[in-house]
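Report on one structure; see the data block that follows.
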Amino acid sequence: MEQRHLGRTGLRVSRIGLGTLTWGRDTDEHDAADQLKVFWEAGGTLVDTADVYGGGDAEYLLGQLVERLVPRRDLVIATKAGSVPDPDRRFDGSRGHLLAALDASLERLGTDYVDLWQVHAFDPGTPLEETLQALDIAVSSGRARYAGVSNFCGWQLAKAATWQLAAPGVRTRLASTQMEYSLLQRGIEREVLPAALDLGVGLLPSSPLGRGVLTGKYRHATPADSRGASEQLAPFVEPYLDETASSIVDAVATAADGLAATTLQVALAWVRDRPGVVAPIVGARNAQQLTAALSVEALSLPDEICQALDDVSAPVHRYPDQDWSEL
């Protein structure tokens with residue numbers, strides 16, 4: 001699998017990442033082991049998790065599999081901290097919480113360091129410079145090799161990345177930002193992506209298959225074994241089952257027919273090769289699904305297909321997001 005630099009850093013990662021959102025909850029040890037082995041054998045290196053996935057079980061499960069199945073040195077392990085199970089405060093970006101969460105993650109993962117440590121979301125209740133100082137401490141102490149953020153809007157990302165580049169002292173530049181991005185969700189193109197491109201921050205798209213909808217599995221009905229049919233994840237899928245999404249999925253299916261490819265391959269290849277994208281994070285229910293996603297490595301979309309998909313899924317850009325030269 002092709003390797004790409006993560007932002008303006010020396011860290012190289014596979015251009016498809018393995019997500020573990022359901023590990024320890026819907027994905028058991030056997031299926032997780034099969035996925036990790038298939039991913040590694042395909043040349044994949046980037047494995048993304050978080051301290052809240054499965055209530056910590058995703059990290060623990062990954063830690064149990066590393067070394068037993070795959071050498072630690074062959075993986076780029078990325079995790080996140082900052083989300084908390086508190087109805088009154090969803091995110092905690094305080095220095096104390098983040099560093100304690102990192103130590104707990106390392107213990108569950110059974111490793112001395114993570115390759116990429118990410119702040120899971122912006123915390124308006126904590127000064128941003130305090131949150132960023134936690135990243136500096138994590139890297140300077142050797143507990144993390146690189147640092148990034150997740151779910152930061154445009155101005156938040158720009159402020160954080162600029163602070164790390166311009167503030168006095170030894171600062172850790174932001175290597176990445178993880179955001180939802182797909183043909184069904186192109187909102188980051190308004191401000192987040194331009195900021196990331198300008199400041200050298202690599203984009204790691206989450207839900208690159210539109211929460212599974214871009215595979216085409218929901219075109220005619222909701223499969224009984226799908227996320228859309230599960231009590232826990234149905235609300236996650238439902239926003240992308242409207243008429244607008246349906247027309248985009250139909251266009252992807254048409255392109256796939258013309259290329260003798262699958263809708264999954266076309267949708268994933270589109271987001272993988274967008275400007276600023278480093279590695280879409282793919283979550284699969286089993287090794288068979290993951291193998292289908294990894295088969296995209298051999299596919300590059302013709303410019304005409306990319307343009308057609310751009311047109312059918314184009315987000316509405318109005319003032320002040322619209323290019324002033326077009327006003």
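The values are calculated or read from the model by the stated rules, or taken from the named source; none is laboratory data. Remember, predicted model here, so these are calculated numbers, not experimental data. Here Cβ is always computed from backbone atoms with ideal geometry, including for glycine, and neighbour counts include all displayed protein chains. Only protein heavy atoms, including side chains, enter the accessible area calculation; ligands, DNA and RNA are left aside. Shrake-Rupley method; radii C 1.70, N 1.55, O 1.52, S 1.80 Å.
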Considering segment 47-102, residues that are more than 22 Å from the chain's Cα centre (by Cα) and among the acidic types (Asp, Glu), and then whichever is most open to solvent (accessible area, probe 1.4 Å), we arrive at ASP88
Exception for GLN265 within (1) polar (S, T, N, Q); (2) surrounded by 14 or more Cβ atoms within 10 Å (Cβ to Cβ); (3) modelled with pLDDT under 80; (4) within 26 Å of GLY7 (Cα to Cα) falls at (3)
When segment 151-178 is checked residue by residue, the ones that are under 18 Å from PRO124 (Cα atoms) and buried (at least 22 other Cβ atoms within 10 Å of the Cβ) are PHE152, LEU157, ALA160, ALA161, THR177
Scanning segment 270-312 residue by residue, those touching a helix residue (DSSP H, G or I) at 6+ places or on another chain (Cβ under 8 Å), in a helix (DSSP H, G or I), within 30 Å of ASP28 (Cβ to Cβ) and hydrophobic (A, V, I, L, M, F, W, C) turn out to be ALA287, LEU290, ALA292, ALA293, LEU294, VAL296
For GLN64, the lone unmet condition from (1) out of contact with any Phe, Trp or Tyr (no Cβ under 7 Å at 6 or more places or on another chain); (2) farther than 17 Å from THR111 by Cα is (2)
ARG145: passes all of (1) in contact with a strand residue (DSSP E or B) (Cβ under 9 Å, 6 or more places away or on another chain); (2) of a type outside the set (Asp, Glu); (3) open to solvent by less than 40 Å² (accessible area, probe 1.4 Å); (4) modelled with pLDDT of 95 or more but (3)
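What number of residues within segment 177-211 satisfy the criterion of being under 14 Å from ARG8 (Cβ atoms), free of Cβ contacts under 8 Å to residues at least 60 places away in the same chain and in contact with a Lys or Arg (Cβ under 8 Å, 6 or more places away or on another chain)?
Keep residues of segment 177-211 that are under 14 Å from ARG8 (Cβ atoms), which gives 177, 195-203.
Narrowing the set further to residues that are free of Cβ contacts under 8 Å to residues at least 60 places away in the same chain leaves 177, 195, 198-199.
Applying the additional criterion that residues be in contact with a Lys or Arg (Cβ under 8 Å, 6 or more places away or on another chain) yields none.
Result for segment 177-211: 0.
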